[in-house]
Amino acid sequence: MRSGKLPVSGKTIMLLCLASFLGGTIFASRKWTQPDSEANTDLVLPTMSNHDKLSTISRECDHKRKLAETNSGYIMGEVMKTHQAIQSLDKSISTLEMELAIARTRQKFTQNTKENRASNQSIPNKAFMVIGINTAFSSRKRRDSLRETWMPKGDKLRKLEKEKGIVIRFVIGHSATQGGVLDRAIDSEEAQYKDFLRLDHIEGYHELSTKTRLYFSKVISIWDADFYVKVDDDVHLNLGMLAVTLAKYKSRPRVYIGCMKSGPVLSQKGLKYHEPEYLKFGEEGNKYFRHATGQIYAISRDLAGYISMNSGILHRYANEDVSLGSWLIGLEVEHVDERSMCCGTPPECEWKAKGGNMCVASFDWSCSGVCNSVERMKHVHHSCGESDSALWNPL
């Protein structure tokens with residue numbers, strides 16, 4: 001009252017106090033409720049976030065796994081393509097190397113032909129096939145048994161060579177004492193029949209691999225043939241069927257034809273086909289690689305050229321058929337397993353002939369040729385031989 005201000009009634013004071021209390025209550029309520037709400041929010045949000053994160057991680061793992069699987073397949077595919085490309089390149093290189101060797105042989109052949117023409121010497125004659133009959137000094141009766149059965153002689157032999165391009169020769173070297181009685185006997189026989197091919201080679205059973213190599217080198221320098229055949233002198237042969245069979249492969253390069261086999265490597269000494277170098281073929285009991293049996297086989301011109309060109313570095317095993325197989329095993333060569341070239345003697349070849357499946361060659365496996373061929377060759381020829389006209393039909 002003394003300060004001059006208006007007096008405040010008790011009622012007003014009570015209203016102000018009540019208003020202040022209510023305002024404080026409302027303020028405190030908002031203040032405490034908000035943290036609870038925020039706290040609840042904080043509690044819920046992390047739980048939802050972890051679930052989302054786990055779902056995301058799972059989806060990412062699945063995606064990465066699928067990518068890895070896809071990439072793995074892609075990578076393996078690329079590896080296989082690369083491997084195939086390398087194999088193809090290796091084959092191409094091998095083919096090119098052989099083609100180069102053959103080209104060198106042909107170049108040498110052409111050069112020799114030009115030189116022979118210039119000097120009026122004989123030049124290689126064209127032929128369809130050259131048949132070399134492997135024989136020995138002691139085999140005069142075997143040779144006669146062939147001349148009396150499937151092998152033409154005299155004018156017929158010349159006619160066959162001229163009209164059909166089929167050349168047949170007995171193949172033999174010389175004795176250790178060159179010019180001795182054995183060589184003179186062959187000279188006399190050659191003068192009578194004119195059906196020998198002489199090699200600069202010392203005859204011997206254990207030298208057949210060398211003889212085979214020299215044979216191919218010799219014949220390709222004399223006759224430019226499509227095929228070169230080697231046959232033993234105790235095997236029955238149907239020349240017409242042989243011509244028909246080889247004609248099927250005339251358009252194919254690098255062909256090796258015969259009865260393919262893979263016999264055991266014999267390490268025991270004293271056996272007929274003992275292999276002194278058996279360790280090269282792996283463990284005891286292993287087999288040889290596939291090769292044509294030695295009684296008869298044929299190779300195309302390119303392969304004979306390859307052997308001739310590389311004869312100095314071709315390894316020779318104890319068995320000549322194994323040697324030939326080893327010379328060709330690493331080349332791009334078509335191996336033809338022609339079972340008609342290894343028929344058995346009668347009754348087998350006779351049954352086949354009557355059934356219209358004439359055999360190319362017949363022999364006995366147990367004897368590696370026709371058993372007792374001198375005595376039995378006429379019987380085999382009578383039972384399994386083709387008609388005379390078969391040889392003169394067009395190829």
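The values are calculated or read from the model by the stated rules, or taken from the named source; none is laboratory data. Note that the coordinates shown come from a computational prediction; the quantities given were computed from them, not determined experimentally. Because the Cβ atoms are built from the backbone with ideal geometry, glycine has one as well, and the counts that use them run over all protein chains shown. When the accessible area is computed, the model is the full protein with side chains, heavy atoms only, and any ligands, DNA or RNA have been set aside. Shrake-Rupley method; radii C 1.70, N 1.55, O 1.52, S 1.80 Å.
Of the residues that make up segment 292-304, is at least one under 15 Å from Cys259 (Cα atoms), free of Cβ contacts under 8 Å to residues at least 60 places away in the same chain and under 19 Å from the mean Cα position of the chain (by Cα)? Walk me through how you get there before you give the answer.
If we filter segment 292-304 for residues that are under 15 Å from Cys259 (Cα atoms), which is where we start, we get 292-299.
Restricting the remaining residues to those that are free of Cβ contacts under 8 Å to residues at least 60 places away in the same chain gives 292-293.
Checking the rest, the ones that are also under 19 Å from the mean Cα position of the chain (by Cα) come to 292-293.
The answer is yes; a qualifying residue exists.
Could you check how many residues of segment 260-281 are in a loop (DSSP other than H, G, I, E, B) and without any contact (Cβ under 8 Å) to a residue 40 or more places away in the chain? First the steps, then the outcome.
If we filter segment 260-281 for residues that are in a loop (DSSP other than H, G, I, E, B), which is where we start, we get 262-263, 265, 267-273, 275-277.
Then keep just the ones that are without any contact (Cβ under 8 Å) to a residue 40 or more places away in the chain; that gives 262-263, 265, 267-272.
Number satisfying all stated conditions: 9.
Condition test on Val171, is it β-branched (Val, Ile, Thr) and open to solvent by 30 Å² or more (accessible area, probe 1.4 Å)? Give the derivation first.
Working: β-branched (Val, Ile, Thr): yes; open to solvent by 30 Å² or more (accessible area, probe 1.4 Å): no.
Taking the combined requirement at face value, the residue does not satisfy it.
Does at least one position in segment 184-207 carry a residue that is of a type in the set (S, T, N, Q), open to solvent by 50 Å² or more (accessible area, probe 1.4 Å) and free of Cβ contacts under 8 Å to residues at least 12 places away in the same chain?
Within segment 184-207, the first condition is being of a type in the set (S, T, N, Q), and the residues that meet it are 188, 192.
So of that shortlist, the ones also open to solvent by 50 Å² or more (accessible area, probe 1.4 Å) come out as 188, 192.
Still in the running and free of Cβ contacts under 8 Å to residues at least 12 places away in the same chain: 188, 192.
Yes, there is a match, as at least one residue in segment 184-207 is of a type in the set (S, T, N, Q), open to solvent by 50 Å² or more (accessible area, probe 1.4 Å) and free of Cβ contacts under 8 Å to residues at least 12 places away in the same chain.
Take the conditions open to solvent by 30 Å² or more (accessible area, probe 1.4 Å) and at pLDDT below 95 and apply them to Lys126. Does it pass? Before you say what the answer is, go through the steps one by one.
Details: open to solvent by 30 Å² or more (accessible area, probe 1.4 Å): yes; at pLDDT below 95: yes.
Judged against the criteria, Lys126 is a match.
Can you pull out the residues in segment 208-240 that are closer than 18 Å to Arg147 by Cα and either surrounded by fewer than 24 Cβ atoms within 10 Å (Cβ to Cβ) or more than 24 Å from the chain's Cα centre (by Cα) (or both)?
Scanning segment 208-240 gives Asp232, Asp233, Asp234, Val235, His236, Leu237, Asn238, Leu239, Gly240.
Filter the helices (runs of 4 or more DSSP H) completely within segment 282-395 down to those with at least 3 residues that are open to solvent by less than 40 Å² (accessible area, probe 1.4 Å).
On the way: elements: 301-309, 320-328, 348-354, 373-384.
Where helices (runs of 4 or more DSSP H) fall fully within segment 282-395 and carry at least 3 residues being open to solvent by less than 40 Å² (accessible area, probe 1.4 Å), they are 301-309, 320-328, 373-384.
Out of segment 230-280, which residues are modelled with pLDDT of 95 or more, closer than 19 Å to Ser209 by Cα and among the small types (Gly, Ala, Ser)?
Of everything in segment 230-280, just one residue is modelled with pLDDT of 95 or more, closer than 19 Å to Ser209 by Cα and among the small types (Gly, Ala, Ser), namely Gly258.
Taking Arg104 as meeting all but one of (1) modelled with pLDDT of 80 or more; (2) in contact with a helix residue (DSSP H, G or I) (Cβ under 8 Å, 6 or more places away or on another chain), write down the number of the exception.
(1)
Being in a loop (DSSP other than H, G, I, E, B), out of contact with any Pro (no Cβ under 9 Å at 6 or more places or on another chain) and at pLDDT 75 or above, is that true of even one residue in segment 78-94? Steps first, answer last, please.
Quick first cut of segment 78-94, residues in a loop (DSSP other than H, G, I, E, B) only: none.
Checked segment 78-94: no residue is in a loop (DSSP other than H, G, I, E, B), out of contact with any Pro (no Cβ under 9 Å at 6 or more places or on another chain) and at pLDDT 75 or above.
Can Leu160 be described as hydrophobic (A, V, I, L, M, F, W, C) and either surrounded by 13 or more Cβ atoms within 10 Å (Cβ to Cβ) or modelled with pLDDT of 95 or more (or both)? Even if it seems obvious, please write down each step before you answer.
Numbers: hydrophobic (A, V, I, L, M, F, W, C): yes; either surrounded by 13 or more Cβ atoms within 10 Å (Cβ to Cβ) or modelled with pLDDT of 95 or more (or both): yes.
Against the criterion (hydrophobic (A, V, I, L, M, F, W, C) and either surrounded by 13 or more Cβ atoms within 10 Å (Cβ to Cβ) or modelled with pLDDT of 95 or more (or both)), Leu160 qualifies.
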